[in-house]
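Visitor: Structure in structure tokens, see below.
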Amino acid sequence: MEPLWPYATPGIPDRLFEQLPGIPMSQREVRLVLLSALRLGPKAVLWDIGAGTGTIAIEAALLCPQGSIVAVERDGDVAALIKSNCQRFGVTNVDVVVGNAPDCFDSLSHVPDSILVGGGRDLKPLLTGAWQKLALHGQLVVTARNVQSLYAISERFAELQVRNIEVVQTGGSRLETLGSNQVLKPITPTFILSGEKF
């Protein structure tokens, strides 16, 4: 049977993922920037905190078949969605964990060399917990959808002494068909902050 995504490159179209109403999903263009910011090696250990539909975990698993990906999601139904999407794409190196971050961090396997935090309610303890678990020279990547979160993450990065910080805001438009017309649909602007642990 032909794989759902038979390519070596990332950028799986959003429509190929199963979704649940109200569950956020990183758009393809945002995922490409996130994957670049994570700086994954062939045997990467990635923790995807707040994994949503599992798009990043799956793209990372396909890029790093020898790696270990941990997708953390607090809601059991959403975790089941991630598992379903993993099956759709035939990835077997994603461990889906139902738990609240950062409380569940001590139970996670492997020391991560990359951590993605997809937002969160209380960012300070979440980022502190992630930073404590991150391997030396590891990469921490965090997304923000509003200026308040951007400020909170920037402040926490300074307190943690994150090095080689990069900040990117995604944007743009994608051509889509709407009825018999083609229209440009905007890509949700997302701030992506990343840095390294020394």
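Visitor: Explain nothing, just compute: Karplus ³J(HN,Hα) = 6.51 cos²θ - 1.76 cosθ + 1.60, θ = phi - 60°, for every residue of the stretch 51-63 in order, whole Hz, x for Gly and Pro.
Guide: Rounded to whole hertz, the list is 6, x, 7, x, 4, 5, 4, 5, 4, 5, 4, 5, 6.
Visitor: Sum up the charges of everything whose Cβ sits under 14 Å from the Cβ of residue 82, counting Lys and Arg as +1 and Asp and Glu as -1, but leave residue 82 out.
Guide: Working: positive: 74, 83, 88; negative: 18, 48, 59, 73, 75, 77, 95.
Result for the neighbourhood of residue 82: -4.
Visitor: On to the next question. ³J(HN,Hα) across the stretch 108-116 via Karplus (A = 6.51, B = -1.76, C = 1.60, θ = phi - 60°), whole Hz, x for Gly/Pro?
Guide: So the Karplus estimates, Gly and Pro as x, are 7, 7, 6, 8, x, 9, 8, 10, 10 Hz.
Visitor: If you don't mind, another one. Please say if the stretch 14-196 is rounded, prolate or oblate, where rounded means a/c under 1.5 for a ≥ b ≥ c the square roots of the C-alpha gyration tensor eigenvalues, and otherwise the choice is prolate for a/b larger than b/c and oblate otherwise?
Guide: Details: a/c = 1.64, a/b = 1.21, b/c = 1.35.
Note, shape of the stretch 14-196 comes out oblate.
Visitor: Next question. In terms of modelled amide H atoms, which long-range or inter-chain residues lie less than 5 Å from the amide H of residue 71?
Guide: 48, 95, 96, 97
Visitor: Among the lysines, select those whose C-alpha is under 20 Å from the C-alpha of residue 43, and discard any that sit fewer than 8 residues away in the same chain.
Guide: 133, 197
Visitor: Here is a follow-up. Where in the stretch 1-107 are there chymotrypsin sites (Phe, Trp or Tyr not before Pro) that are in a DSSP coil and have at most 15 other Cβ atoms within 10 angstrom of their Cβ?
Guide: Numbers: sites: 7, 17, 47, 89, 105; in loops: 7, 17.
Counting only loop positions with at most 15 other Cβ atoms within 10 Å, the chymotrypsin sites (Phe, Trp or Tyr not before Pro) in the stretch 1-107 are 7.
Visitor: Want the number for residue 100 to residue 18: 0.36 nm per residue separation, take away the alpha-carbon distance, what's left?
Guide: Values: separation 82, 0.36 × 82 = 29.52 nm, distance 2.29 nm.
Working it through step by step, the gained length comes to 27.2 nm.
Visitor: For residue 107 and residue 176, what does the FRET efficiency come to when R0 = 30 Å and r is the distance between their Cβ atoms, rounded to the nearest 0.05?
Guide: Details: r = 41 Å, r/R0 = 1.37.
Taking R0 as 30 Å, the efficiency between residue 107 and residue 176 is 0.15.
Visitor: Net charge near residue 63: determine it from the other residues with C-beta under 12 Å of the C-beta of residue 63, scoring Lys and Arg +1 and Asp and Glu -1. Each step should come with its number before you reach the end.
Guide: Numbers: positive: 31, 39, 43; negative: 59.
For residues surrounding residue 63, the net value is +2.
Visitor: What is the sum of charges around residue 101, taking Lys and Arg as +1, Asp and Glu as -1, for the other residues whose C-beta is under 14 Å from the C-beta of residue 101?
Guide: Numbers: positive: 74, 121, 124, 133; negative: 48, 73, 75, 103, 106, 122.
Combined, the nearby Lys, Arg, Asp and Glu give -2.
Read-outs throughout are calculated quantities, based only on the coordinates presented, and are distinct from any laboratory measurement. A quick note: this is a predicted structure, and the numbers were derived from the prediction, not measured. Cβ sites come from the backbone with ideal geometry, for glycine too, and all protein chains shown count toward neighbours.
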